[in-house]
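This report concerns only the one structure given below.
The values are calculated or read from the model by the stated rules, or taken from the named source; none is laboratory data. Everything quoted here is computed from the prediction, not taken from an experiment. Positions of Cβ are generated from backbone atoms using ideal geometry, with glycine treated the same way; all protein chains shown enter the neighbour counts. Surface areas here come from the heavy atoms of the whole protein model, side chains and all, with no ligands, DNA or RNA. Shrake-Rupley method; radii C 1.70, N 1.55, O 1.52, S 1.80 Å.
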Amino acid sequence: MNEKFKPVTAITMGDPAGIGPEIVVGTMLDEEIHECCRPFVIGSIAILDRAAKILGKELRYNRIEDPSEALFQYGTVDVLETGDYDTDSVRWGEVQELAGRMSVDWIMKSIELGMDHKVDAVSTAPIHKRAIKLAGVKQPGHTEIYQDETHSPYALTMFSCHRLRVFFVSRHMSLVDACGYATKERVLEFVENIDKELRKTGIMEPLIAVAALNPHGGDNGLFGTEEIEQLIPAVEAARAEGINAVGPVPADSVFHIGKSGKYDAILSLYHDQGHIACKTLDFEKSVTLTFGLPFIRSSVDHGTAFDIAGKGIAGSISLIESTRVVAEYAALMHKKTDQ
């Protein structure tokens, strides 16, 4: 019998002034994580140890320069550092250029390792947008950095929440702009890419539901014409290509139906349409995955929580779930590649 594949999974520590270090400690102390993957941390031992002391934990550290040097043993935290930083000057709960630079350095190292096929998956703790701007980063966040630096043609954001897989046509865009952004061409492209990426995980002929934009799906044009002019033609074009797409399905029911497992994926047309559904279902276990990169990446769906950073009260459930889910998908992709 073949031994279970356990993907090598890098966990980036996020902004060192936020709750990232604390939730990384909690994640590395979770036995289930070590059962489903081979985790190591890209970050700072000094910052991690400071967080551990706040949590009343004692950790053993194994400083590594490459994942091949990791022990992957529960109770020992393998840490890959990226530079010699003045960690004593990092203050909890404050926006700092140094903290932003450290968090970006850790992201860039994860990209380097992913491009070199030294890691199978990356799970990211939260960064602070203002801090990375101070460090000179032009992209607004994680997803854009990973897409640009890996030169990927697209980066599909997917929310994983229990049995829901929710993708997004637009994310950080005003609602007015997002409504006009969901054109036939864009929706069709997203459905095509969702179909392609889910097949890589072993879901053949995935059933993809496209959410409607207007109440009751527009009610035949009574409440808007976007369904008639853009969404129905997109679904019909996808089906003509052999993709198992349905919709547009009224947004007030599509997520409830999807929760039962009827759909393999739901395409949400804008940020809050899908976020509200997932976070209401289970806020802590709603995690983000990024498909379309040379490796799969996940993230918690909360911020740096500067207001509670360094107080030892941050929960690790979301980062544990982020790491578990990304390892699960990396294993599925590995299995599909081996077939």
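Worth pointing out:
- Ordered by 1.4 Å accessible area with all protein chains kept, S253, S322 run largest first as S253, S322.
- Per residue, the range 162-280 exposes an accessible area of 47 Å² to a 1.4 Å probe, with every protein chain left in place.
- Listed peptides 184-194, 66-76 by packing density, highest first (mean Cβ within 10 Å): 184-194, 66-76
- Carbon and sulfur %, accessible surface of the chain computed with the full protein complex present, 1.4 Å: 48
- Over the range 225-339, relative contact order from alpha-carbon pairs under 8 Å, at least 6 apart, %: 16
- Gyration tensor (alpha-carbon) shape descriptor, the range 193-339, a/c threshold 1.5: oblate
- Contact order, relative form, for the chain: 25 percent (alpha carbon pairs under 8 Å, 6 or more residues apart, mean separation divided by residue count).
- Each of the peptides 213-222, 309-318 was scored by the mean count of other Cβ atoms within 10 Å over its residues; in descending order, highest first, they stand as 309-318, 213-222.
- Amide H within-cut-off set for I11, under 5 Å, with H built and near neighbours excluded: F40, V41, I42, S123
- Farthest towards the positive end of the charge dipole of the chain, among the residues H302, I257, N214, is the Cα of I257, using unit charges on the Cβ of Lys, Arg, Asp and Glu.
- In the chain, the longest principal axis of the Cα atoms and the axis of helix 271-281 are about 70 degrees apart.
- DSSP-loop trypsin sites (Lys or Arg not before Pro) across the range 41-136, with at most 16 other Cβ within 10 angstrom: K57, R91, K118
- Where H128, H151 fall by accessible area, highest first, once all protein chains stay in place (1.4 Å): H151, H128
- Between 0 and 90°, nearest 10: helix 317-338 axis offset from the chain longest Cα axis: 70
- Working note: 222 nm ellipticity from helices only, DSSP H runs with n ≥ 4, each -39,500 (n - 2.57), summed and divided by the residues of the chain, gives -12000 deg cm²/dmol to the nearest 500.
- Among beta bridges that DSSP assigns inside the chain, antiparallel share in %, nearest 5: 30
- The mean sequence distance of close C-alpha pairs (under 8 Å, at least 6 residues apart), as a share of the length of the range 162-280, puts its relative contact order at 41 percent.
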